[in-house]
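Take a look at the structure set out below.
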Amino acid sequence: MDRTRDGLRITAVTCVKNEGPFLLEWIAFNRLIGVTDFLFYSNDCTDGTDTLLDALAARGGVVHLPNPAEGRNYQMEALKDARRQAAVADADWVWIADVDEFLNIHVGDHTIPALIAACGDPQAISVTFQFFANDDVEAFEDRPVVAQFLRSHNPDIWCGDLAIEVKSLVRHDFPLQYYGAHRPFFKAGLPARRQPRWTDGSGRRVQDKFLVAANPRRIRKFPAQGARDFATLNHYALRSLDSYLVKNDRGDVNRENRAFDDTYWRERNDPAHEDRSILRYLPALEAALAEMKADAEIARLHDACVAAHTGRRDALLAREDYRAMQAQLRAAPKLPPQESAMLAQLGLSP
């Protein structure tokens, strides 16, 4: 393990399936913000993701393991296994996130150590999602995702709800019972004096009900207003229309002759707000990507993932059901269904 210049070891943990074209950007970006080590779990990859990860692992700083899940609970089984891996056990901080999520830090030198300092060095920091829209970007391009998608919903409101989901940084001395995908958990009934110091992305103490997971419907979210002064979690769940079709296929390989539900797309495709703040990282990110691709094997394996991604897109669009899905997504309203329903109740049109 390496350390940041602040002396910290920070490990990012994630699960992947067919994310090959996006791996280098995510790794390079996270290194820029202070992540020193990566623990990847992969399963059932057909686009070269696993081969690229193996090559990166051979160069150090990346651990790649097969997902240990025997059923379909891939993420939770991986997180259970992660606790016994040295990359996590020896880390000062653990960052659990997906490859389409980028921690956008607004303070100091825009790194995780700067965020930790701004929050007062707590034992956990939960950062609020901001879902970035597709914004009519149709074609997949092999260039940084963070530079292509700059519009989102109102950051304080998502799908008509003031509470928005979070992901969490966890310090090594957190009284951990287990890692969740969105937040850590400690044992119920832990005395108040032993409960962790835990903040939001503005350094404010998280609400008591969130802290102790008192409300099953709110265990992974809290009100977003005022929670992002120091950091936001940019979530690019849609990316291009091309990539969304491939993502949909990855999660459902037997869709023919079944109706397609566009709710997930509509909930994340509200372009009402522009946010360019993450572009502060772009020059350094592009330089870091160029350096990674200067390694001929890494560049070749990345290009193979890109070719597999576009090849799968072409194969899907040869099918009538995926052409219908593409047309449905193009035509889908930009407002989330929940907000459209609220307007209808008020007798208003979008």
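Taking the conditions (1) of a type outside the set (D, E, K, R); (2) surrounded by fewer than 22 Cβ atoms within 10 Å (Cβ to Cβ); (3) in a loop (DSSP other than H, G, I, E, B); (4) in contact with a strand residue (DSSP E or B) (Cβ under 8 Å, 6 or more places away or on another chain) in turn, Val35 satisfies each one other than (2). Give me the residue from region 300-322 that is surrounded by fewer than 14 Cβ atoms within 10 Å (Cβ to Cβ) and aliphatic (A, V, I, L, M) and, out of that set, farthest from Leu52 (Cα to Cα). Taking the candidates together, the pick is Ala318.
Results for (1) closer than 30 Å to Leu301 by Cα; (2) among the basic types (Lys, Arg), shown as yes or no for each residue.
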site	(1), (2)
Pro122	no, no
Ser126	no, no
Asp135	yes, no
Pro155	no, no
Ser168	no, no
Pro175	no, no
Arg183	no, yes
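Residues satisfying the criterion are absent from region 194-203 (criterion: over 30 Å from Lys334 (Cβ atoms), exposed (fewer than 15 other Cβ atoms within 10 Å of the Cβ) and in contact with a strand residue (DSSP E or B) (Cβ under 7 Å, 6 or more places away or on another chain)). Is it the case that some residue within region 102-109 is of a type outside the set (A, V, I, L, M, F, W, C) and under 14 Å from the mean Cα position of the chain (by Cα)? Within region 102-109, one or more residues are of a type outside the set (A, V, I, L, M, F, W, C) and under 14 Å from the mean Cα position of the chain (by Cα).
All of Asp54, Asp50 fail the test of being buried (at least 18 other Cβ atoms within 10 Å of the Cβ), among the acidic types (Asp, Glu) and in a helix (DSSP H, G or I), apart from Asp50. Look at region 319-332: where a residue is of a type in the set (S, T, N, Q) and a partner is surrounded by fewer than 19 Cβ atoms within 10 Å (Cβ to Cβ), sitting 6+ places away or on another chain with Cβ atoms under 6 Å, you get Gln328/Asp262. Give me a count of the residues in region 199-219 that are in contact with a Lys or Arg (Cβ under 7 Å, 6 or more places away or on another chain) and either without any contact (Cβ under 8 Å) to a residue 12 or more places away in the chain or within 25 Å of Thr111 (Cβ to Cβ) (or both). The qualifying residues number 5. Within region 216-246, being within 13 Å of Asp100 (Cβ to Cβ) and either modelled with pLDDT under 95 or not in a helix (DSSP H, G or I) (or both) holds for Leu233, Asn234, His235, Tyr236, Ala237, Leu238, Arg239, Ser240. Given the structure, is Asp142 modelled with pLDDT under 95 and farther than 30 Å from Pro175 by Cα? So Asp142 fails the test. Scanning region 1-59 for residues that are of a type in the set (A, V, I, L, M), at pLDDT 95 or above and either over 17 Å from the mean Cα position of the chain (by Cα) or within 25 Å of Arg312 (Cα to Cα) (or both) gives Leu8, Val16, Leu23, Leu24, Ile27, Leu52, Leu53, Ala55, Leu56, Ala57, Ala58.
With respect to (1) closer than 27 Å to Leu53 by Cβ; (2) among the small types (Gly, Ala, Ser); (3) touching a residue at least 24 places away in the same chain (Cβ under 8 Å); (4) surrounded by fewer than 16 Cβ atoms within 10 Å (Cβ to Cβ), the lone exception for Ser277 is condition (1). Hey, among the residues in region 99-134 that are in contact with a helix residue (DSSP H, G or I) (Cβ under 9 Å, 6 or more places away or on another chain) and charged (D, E, K, R), which one's nearest to Lys221 (Cα to Cα)? Looking at residues that are in contact with a helix residue (DSSP H, G or I) (Cβ under 9 Å, 6 or more places away or on another chain) and charged (D, E, K, R), I get Glu101. Given the structure, is Leu23 crowded, with 21+ Cβ neighbours inside 10 Å and outside any helix (DSSP H, G or I)? Against the criterion (crowded, with 21+ Cβ neighbours inside 10 Å and outside any helix (DSSP H, G or I)), Leu23 does not qualify.
When the residues of region 216-228 are filtered to those that are small (Gly, Ala, Ser) and either in contact with a helix residue (DSSP H, G or I) (Cβ under 6 Å, 6 or more places away or on another chain) or surrounded by 15 or more Cβ atoms within 10 Å (Cβ to Cβ) (or both), which remaining residue is farthest from Ile164 (Cα to Cα)? Only one residue tops the list, namely Ala227. Do we find a residue being basic (Lys, Arg) and either in contact (Cβ under 8 Å) with a residue 40 or more places away in the chain or within 27 Å of Asp249 (Cα to Cα) (or both) anywhere in region 84-106? Taking every residue of region 84-106 in turn, none turns out to be basic (Lys, Arg) and either in contact (Cβ under 8 Å) with a residue 40 or more places away in the chain or within 27 Å of Asp249 (Cα to Cα) (or both).
Among the residues of region 114-136, just one is out of contact with any Pro (no Cβ under 9 Å at 6 or more places or on another chain) and among the charged types (D, E, K, R), namely Asp121. For the residues Ala231, Ala213, Ala237, the requirement of being of a type in the set (Gly, Ala, Ser), buried (at least 22 other Cβ atoms within 10 Å of the Cβ) and under 19 Å from Phe129 (Cα atoms) singles out Ala231.
The values are calculated or read from the model by the stated rules, or taken from the named source; none is laboratory data. This structure is a prediction, so every number in the text was calculated from the model and none was measured. Virtual Cβ from ideal backbone geometry, glycine too; neighbours counted across all protein chains shown.
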